[in-house]
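The values are calculated or read from the model by the stated rules, or taken from the named source; none is laboratory data. Because the structure is a prediction, the values reported are computed rather than measured. All Cβ positions, even for glycine, are placed from backbone atoms using ideal geometry, and neighbour counts span all protein chains on display. These area figures cover heavy atoms from the full protein model, side chains too; ligands, DNA and RNA do not enter into them. Shrake-Rupley method; radii C 1.70, N 1.55, O 1.52, S 1.80 Å.
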Amino acid sequence: QVQFVESGGGLVQPGESLRLSCAVSGSNVDFFALGWYRQAPGQPRNMVASITRDAITTYADSVKGRFTISRDNANAMVYLEMNSLKFEDTAVYFCNSRPPAEADWGQGTQVTVSS
C-alpha cells in the first residue's frame with residue numbers, strides 16, 4: 001500500500017499563494033502518475049492537477065494558469081504551487097496516484113481562502 005502525507009495548507013487571503021507538499025512512501029514513485037485532488041464541504045473529491053512519470057501535466061480548468069504541479073522522484077515528493085488563490089479554492093487537498101487508489105487516501109491538508 002502506498003502512503004501519501006500532505007502538508008503545507010493554511011489560512012490565506014484571496015490573491016495570496018501557498019505551496020503544498022506530499023511525501024510518498026511504500027512504492028517507487030517513479031513508476032506512476034500522481035495527482036492532487038481537493039474536496040470542498042458537501043462536494044465530491046475532484047482532480048486539481050496531475051503529472052505523469054515524464055512530467056506531463058494536466059490541470060482542471062478552474063486552476064489553469066494559477067496552479068503548478070511538480071514532482072521530485074529522487075525524494076519521492078510531489079508539490080502543488082498555488083497562486084492567486086480564490087475563495088472557491090477552499091477545500092481539503094489530497095495527493096494520490098492518477099487514477100487514485102481508494103485505499104491510499106491520506107488525511108489531506110486544509111486550505112482556507114478567506115478575507
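Things to note:
- Pair list, Cβ under 8 Å, 6 or more apart: the stretch 57-71 residue more than 16 Å from LYS86 (Cα to Cα), other residue outside any strand (DSSP E or B) and open to solvent by 50 Å² or more (accessible area, probe 1.4 Å): SER70/ALA55; ARG71/ALA55
- All positions within the stretch 32-50 that are aliphatic (A, V, I, L, M) and either more than 15 Å from MET82 (Cα to Cα) or open to solvent by 60 Å² or more (accessible area, probe 1.4 Å) (or both): ALA33, LEU34, ALA40
- Residues (among the hydrophobic types (A, V, I, L, M, F, W, C) and in a loop (DSSP other than H, G, I, E, B)) located in the stretch 1-42: VAL2, PHE32, ALA33, ALA40
- Check on VAL29, touching a residue at least 40 places away in the same chain (Cβ under 8 Å), farther than 15 Å from ILE69 by Cβ and either open to solvent by 80 Å² or more (accessible area, probe 1.4 Å) or of a type outside the set (Gly, Ala, Ser) (or both): no
- Residue check, GLY42 within 21 Å of THR112 (Cα to Cα) and within 11 Å of the chain's Cα centre (by Cα): no
- Failed condition for ARG53, given (1) assigned to a strand (DSSP E or B); (2) of a type in the set (Lys, Arg); (3) within 13 Å of ARG98 (Cβ to Cβ): (1)
- Filtering the stretch 24-39 to residues that are of a type outside the set (Ser, Thr, Tyr) and over 14 Å from the mean Cα position of the chain (by Cα) leaves GLY26, ASN28, VAL29, ASP30, PHE31, PHE32.
- Residues that are among the aliphatic types (A, V, I, L, M) and closer than 16 Å to ARG38 by Cα were ranked within the stretch 1-18; the one that is least open to solvent (accessible area, probe 1.4 Å) is LEU18.
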